[in-house]
Amino acid sequence: MSDETELVQDYDLDAPPETVRRAVSIPELREQWLPSEDLVSPEPAEADGRVSYEMREAAPLPDSRVSFEITPNEQGGTRLRVIHRRAEAPPRAVANTNRPCLMLAA
């Protein structure tokens, strides 16, 4: 069993790659579609052609990471690949102990 879950989405956009990179990396532009309160840090991590953010998740899920791969496409626009990864949630405590049910009087 894998330790991560991954969702990958690909988009072909008419905008040039530099415009798309600005939209995902400049906080004032990114804020319109990816609010800072959903992020661990509003500053992106950039490496290997990716712009990435650590996302806050609701408990009990662990935080996740969303990455944007931005490359030119054949039509002169941009191929945007969005990769959302999260670690598997830690196992929850088991409520069923497989013992007979005990009824308590109020």
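The values are calculated or read from the model by the stated rules, or taken from the named source; none is laboratory data. In this text the structure is predicted, and so the values were computed from the model without any measurement. A quick note on method: Cβ atoms are made from the backbone with ideal geometry, for glycine too, and the neighbour counts reach across all protein chains shown. Remember, those area values only see protein heavy atoms, side chains included, never the ligands or the DNA or RNA. Shrake-Rupley method; radii C 1.70, N 1.55, O 1.52, S 1.80 Å.
Just the residues that are part of a loop (DSSP other than H, G, I, E, B) and either surrounded by 11 or more Cβ atoms within 10 Å (Cβ to Cβ) or within 16 Å of the chain's Cα centre (by Cα) (or both), please, taken from the range 46-58. Within the range 46-58, G49, R56, E57, A58 meet the criteria.
Right, E43: assigned to a loop (DSSP other than H, G, I, E, B), under 16 Å from the mean Cα position of the chain (by Cα) and closer than 27 Å to G77 by Cα or not? When the stated conditions are applied, E43 passes them. Considering only residues in the range 20-40 that are within 26 Å of G76 (Cβ to Cβ) and open to solvent by 70 Å² or more (accessible area, probe 1.4 Å), the one that is modelled with the highest pLDDT turns out to be R22.
Taking L7, is it touching a residue at least 24 places away in the same chain (Cβ under 8 Å), open to solvent by 50 Å² or more (accessible area, probe 1.4 Å) and not charged (D, E, K, R)? For L7, the condition - touching a residue at least 24 places away in the same chain (Cβ under 8 Å), open to solvent by 50 Å² or more (accessible area, probe 1.4 Å) and not charged (D, E, K, R) - is met. Scanning the range 59-79 for residues that are acidic (D, E) and open to solvent by 60 Å² or more (accessible area, probe 1.4 Å) yields D63, E74.
Please indicate, with yes or no, whether at least one residue in the range 91-104 is loosely packed, with under 11 Cβ neighbours inside 10 Å, at pLDDT 90 or above and not aromatic (F, W, Y).
No.
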